[in-house]
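The values are calculated or read from the model by the stated rules, or taken from the named source; none is laboratory data. Remember, it's a predicted structure, so these values are computed and weren't measured experimentally. Counting neighbours? That spans all protein chains shown, and the Cβs are built from the backbone with ideal geometry, glycine included. Ligands, DNA and RNA are excluded from the accessible area calculation, which covers all protein heavy atoms including side chains. Shrake-Rupley method; radii C 1.70, N 1.55, O 1.52, S 1.80 Å.
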Amino acid sequence: MVQTSQPKQEEEYGYDLFPGRNTGQHKGRSFTESLLTFNHKCQVMLQLATETSPYAKLLLSAMKSSGCKVFKERHFSCEDCDGTVSGGFDADSSQIVLCQNNIHQQSHMNRVVTHELIHAFDHCRAHVDWFNNLKHLACSEIRAANLSGDCSFQTEFSRFNFGLKQHQQACVRGRALRSILAVRKINREEAEKIVDEVFDTCFNDHAPFGRIPHDKKDAGFAGRDYENRGRYYANL
Amino acid sequence: SPPQPPRACDDYWSEFRHCKSLKNCFHHYYTYGTSPSCQQWKEDFHNCREWEKHRATESKEALQRSERNRVAEQRKFTPVWELRQSPPRDWHMPLNQEKPQDS
């Protein structure tokens, strides 16, 4: 999920899904209240994700190397969201939004953090035109669905999607399509055409992992490769 | 520093073992509909050891060829976007002053 801001067309770009943003309102909370709220739980799970998920840790390293060091207080925001949205990347404020009312399990938090960090990573390393270029948007969504574990066998299985042969690709296509349709007012055929155009390139763009991490072990191998990249490229 | 294999030789062996694991075979089928080919990792491991132990030029070149091929495989698609020369300027800029901060 990606948003860019254009104040007059907020609904057109998915901003209405995040009612807590840019309202100029602030709900005060007592210390005890905030301990028991979704906000606190979200903060705790976010902390755990960045410290223990090999996916998140690799992305954070890669972003630091690219000149976009991530600071939790600055670049993450736990907020209430509409519907079933889990999170988003706001390119205008360079912030990752986490939907505190929709993320209740650590494994889900790990995936959302990874997914949104992939958008942030793309924003950092490339001239991504989130606002005007639907191919760019589609590409980042394909990558995020592909590399975050969103489409892993286990995750799909838990959604009762029992696909097997090449199911990863079907899942990635489907989720990228859904993400685009959620934030842009185009019809399904148009969206499908755009996804088709960029699918091969973007499905095979595995940066910064170097492979599709299907589980933590894969992500661990990817992390090892990343740590070794200096020696690797110097000795080809 | 003097030329050395792109990866530690043990890394090639662990990639080979990982490639051949049941889990990986499953994941590969789930992703590509085929079974993975793992032989190259094994060859790379042997070439790596030959390079380290005997400074064998042929082994060194074979290994480097194999790795350059891997890199080329990753890069053979036309990119959708242009890579940046420097990170976005506003990445570190403080948040909009209009947005109230949490106390």
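General remarks:
- For the range A:124-143, the count of residues that are under 19 Å from residue A:220 (Cα atoms) and of a type outside the set (Lys, Arg) is zero.
- Matching residues, the range A:153-178, being crowded, with 22+ Cβ neighbours inside 10 Å and either within 21 Å of residue A:89 (Cβ to Cβ) or of a type in the set (Lys, Arg) (or both): A:171, A:172, A:176
- Test: residue in the range B:58-66 that is open to solvent by less than 30 Å² (accessible area, probe 1.4 Å), touching a strand residue (DSSP E or B) at 6+ places or on another chain (Cβ under 8 Å) and facing chain A (nearest Cβ under 8 Å): no
- The range A:212-231 residues that are free of Cβ contacts under 8 Å to residues at least 24 places away in the same chain, paired with ones that are not in a helix (DSSP H, G or I) (beta carbon under 7 Å, 6 or more apart): A:218/A:211; A:225/A:210; A:228/B:7; A:231/B:6
- Here the range B:9-48 is the region considered, the condition is being open to solvent by 80 Å² or more (accessible area, probe 1.4 Å) and of a type in the set (D, E, K, R), and the residue that is nearest to the other protein chains (Cβ to nearest Cβ) is B:23.
- Only residues that are part of a helix (DSSP H, G or I) and open to solvent by less than 30 Å² (accessible area, probe 1.4 Å) were counted in the range A:227-236, giving 1.
- Pair list, Cβ < 7 Å and 6+ apart or interchain, from the range B:11-33 residues that are farther than 11 Å from residue A:167 by Cβ to residues that are of a type in the set (Gly, Ala, Ser): B:25/B:35; B:28/B:35
- Among the criteria (1) part of a helix (DSSP H, G or I); (2) free of Cβ contacts under 8 Å to residues at least 40 places away in the same chain; (3) of a type outside the set (Asp, Glu), the one residue A:48 does not fulfil is (2).
- Filter result (acidic (Asp, Glu) and either open to solvent by 30 Å² or more (accessible area, probe 1.4 Å) or over 15 Å from residue B:31 (Cα atoms) (or both)) within the range A:198-224: A:200, A:205
- On the stretch given as the range B:80-103, residues that are at pLDDT 90 or above and either open to solvent by less than 70 Å² (accessible area, probe 1.4 Å) or assigned to a loop (DSSP other than H, G, I, E, B) (or both) total 13.
- Among the residues examined, residue A:85 does not qualify as crowded, with 24+ Cβ neighbours inside 10 Å and either more than 8 Å from chain B (Cβ to nearest Cβ) or in a helix (DSSP H, G or I) (or both).
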